[in-house]
Amino acid sequence: MKRIEIEGGHTLTGEIKISGAKNSAVALVPASILSDSIVKIENAPNISDIDALEEILEYLGASFKKEGSLITIDPSTIENKEIPEAISVKLRASYYFMAALLGKYRHVEMYFPGGCNIGSRPIDQTLKAFEELNAKVENIGNKYIISAERLIGGHIYLDMPSVGATINTMLAATLAVGTTILENAAKEPEIVDVATFLNNMGAKITGAGTSVIKIEGVQKLNGCYTEVIPDRIEAGTYVIAGALLGENLKITNIIPEHIKSLTSKLEQMGADMTIGNDYITINKIENIKPTNIKTLGYPGFPTDLQQPMTVLLSLSDGISYLEETIYENRFQNVPYLNMMGANIEISGQKIKINGVKKLYGKDVLATDLRAGACMLLAGLVANGITRITQVEHLLRGYENVIEKLVAVGAKIKLEEI
Ligand code: EPU
């Protein structure tokens, strides 16, 4: 087991370079198997979620090579076989293999995916999309057997703009016969990244980034080179760290447009920021103004920054309200923040945050990935020592988090316990 120990209260100054987006890279790696030849993915983050996908690819017989941030995948030797449950439960993104294998071989057998325990996270929209594309879905316990004689373009309307169902539909429909129209699609930048990648391989996808995506089926896809977009959630997490403790803390290699919902909130809260083309420089907010936040799909305020943001709201000068609309169980960080001196009341999907003057170091848990980011920020700003266990969750999504923070002045270390 791994644990992070933080001595709180140190100013953060210098530069933090943001890595490639986890939620894009974890789709690009499975998507690569749709290609008939070698695919190169640059700016891939070095995180354990990518290691789990490597395990699946190698299990299927593909070659996977990682040199720094460059991943090279040769899918030409893949054999389509059942992916064991023990591997697919390691992460949510394993179900991108469902769509990619179905798209390429018109048959897939695999299990319900894993992922953070932050809500029920059904996959009904993905399965509905497969059926609209002429596939038959059989479900035995946790296992899904999905096959189609031919995948045929269809008209799909998602009940909610699901990121996973949008990506899965693009993956499955790219090699289908005819045209697919996907309505009420998710608009996240990671979806645009996946569509661009598929188009670079020869797909014909238009409209990604809007709520209507058109996918004209093509017969084959070839290898290509792509660069993963910067991770907007990692960027947002460090920008919030700057609002808590920064002295000219410069967050670089980012697309500021992707975190506008965050920066506009920070401006309301009194942040002193310079927003450049690909960086944000930020200083500690001296008197944090309270504000209200509701999580929404892109371009709204991201659910993945909701938990990190509660640290800043906890230290504001007044009362803030935060409503989580995407997941039913994403306040597991709150009891731990309260242990550290925060004053937060949970009421269903809403929390009321009564601002306090200080947080105090305690022994806490990272119950999930972004709860881990919340505890990390709380530990950085708290008085005294914070120890966070179950940090494996955090390490799944933040590349070199310890090194990046130490380099800007944090007193933080990772221990094996
Ligand atoms: N939903 C359904 N049925 C479906 C699909 C989704 O009811 O078939 C519901 C979910 O239960 C949830 C909501 O719709 O309440 C949104 O789910 P979505 O499918 O958009 O999320 P996801 O694809 O499972 C991705 C990210 C999440 C991020 C969400 C929302 C990956 C691997 N995961 O999840 O990232 O929170 O989009 O932006 O891309 C994280 O990085 O910490 C994380 C959880």
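The values are calculated or read from the model by the stated rules, or taken from the named source; none is laboratory data. Keep in mind it's a predicted model, so treat the numbers as computed, not measured. Glycine also receives a Cβ, built like all others from the backbone with ideal geometry; neighbour counts cover every protein chain displayed. Accessible surface areas use protein heavy atoms only, side chains included; no ligands, DNA or RNA. Shrake-Rupley method; radii C 1.70, N 1.55, O 1.52, S 1.80 Å.
With an 8 Å cut-off on Cα pairs and a minimum separation of 6 or more residues, tell me the relative contact order of region 22-227 in percent.
21
Given labels modelled 7 Å from the Cα in the Cβ direction, how far is it in nm from Ser211 to Glu416?
Rounded to a tenth, the inter-label distance reads 5.1 nm.
Give, in nm to one decimal, the length gained when the segment between Asn292 and Lys357 is fully stretched (0.36 nm per residue of separation minus the Cα-Cα distance).
21.5 nm
To the nearest 20 debye, what charge dipole does region 22-227 have about its Cα centre, counting +1 at the Cβ of each Lys and Arg and -1 at the Cβ of each Asp and Glu?
260
Could you work out the mean projected area of the convex hull around the alpha carbons of region 148-206, in square nanometres to one decimal?
3.9
Radius of gyration and Dmax for region 22-227's Cα atoms, expressed in Å?
Expressed in Å, the Cα Rg and Dmax of region 22-227 come to 15.1, 41.
So for each of 367-374, 110-117, 60-67 I average, over its residues, the number of other beta carbons within 10 Å; can you give me the resulting order with the highest mean first?
Going by the mean number of other Cβ atoms within 10 Å, highest first, we get 367-374, 110-117, 60-67.
Given a 1.4 Å probe, how much area per residue of the chain is accessible, in Å²?
Result: 38 Å² of accessible area for each residue.
With +1 on the Cβ of every Lys and Arg and -1 on the Cβ of every Asp and Glu, and nothing else charged, how large is the dipole of the chain about its Cα centre, in debye rounded to the nearest 20?
For the chain, the charge dipole is close to 580 debye.
Give me the base-10 log of I(q)/I(0) for the chain at each q in 0.07, 0.11, 0.14 Å⁻¹, Debye formula, one uniform scatterer per Cα, rounded to two decimals.
Normalising to I(0) and taking log10 leaves -0.33, -0.80, -1.22.
Compute a Gaussian network model of the chain, connecting alpha carbons closer than 10 Å, and tell me which residue from Gly119, Gly103, Gly236 fluctuates the most.
Gly119
Per 5 Å bin, what percent of the C-alpha pairs of region 195-335 does each bin hold, from zero upward?
2, 9, 16, 18, 16, 12, 9, 7, 5, 3, 1, 0
Could you calculate the FRET efficiency of Tyr321 with Asn184 from 1/(1 + (r/R0)^6), where r is the beta carbon distance between them and R0 is 30 Å, rounded to 0.05?
Once the sixth-power term is evaluated, E becomes 0.65.
How large is ³J(HN,Hα) for each residue in region 123-135, as worked out from phi by the Karplus curve 6.51 cos²θ - 1.76 cosθ + 1.60 (θ = phi - 60°), to whole Hz, x for Gly and Pro?
10, 4, 5, 5, 5, 4, 4, 4, 5, 5, 8, 5, 8
Between Leu70 and Asn400, what is the label-point separation in nm under the 7 Å Cα-to-beta-carbon projection?
1.7
Counting only protein heavy atoms, what percent of the accessible surface of the chain is carbon or sulfur at a 1.4 Å probe?
47
Applying a 10 Å radius around every beta-carbon, put 142-152, 377-387 in order of their mean neighbour count, most first.
The packing order, highest mean first, is 377-387, 142-152.
Give the average over all directions of the projected area of the C-alpha convex hull of region 1-137, one decimal, in nm².
Dividing the Cα hull surface by four gives the mean projection, 10.8 nm².
In whole Hz and in residue order, list the ³J(HN,Hα) couplings for region 217-226 that follow from phi through the Karplus curve 6.51 cos²θ - 1.76 cosθ + 1.60, θ = phi - 60°; x for Gly and Pro.
x, 10, 7, 8, 10, 10, x, 7, 10, 9
Please work out the ratio of the alpha-carbon Rg of region 221-287 to 2.2 N^0.38 Å and round it to two decimals.
1.27
Highest mean first, what order results for 167-174, 299-306, 178-185 on Cβ atoms within 10 Å?
Per-residue Cβ counts within 10 Å, averaged per peptide and sorted highest first, yield 167-174, 299-306, 178-185.
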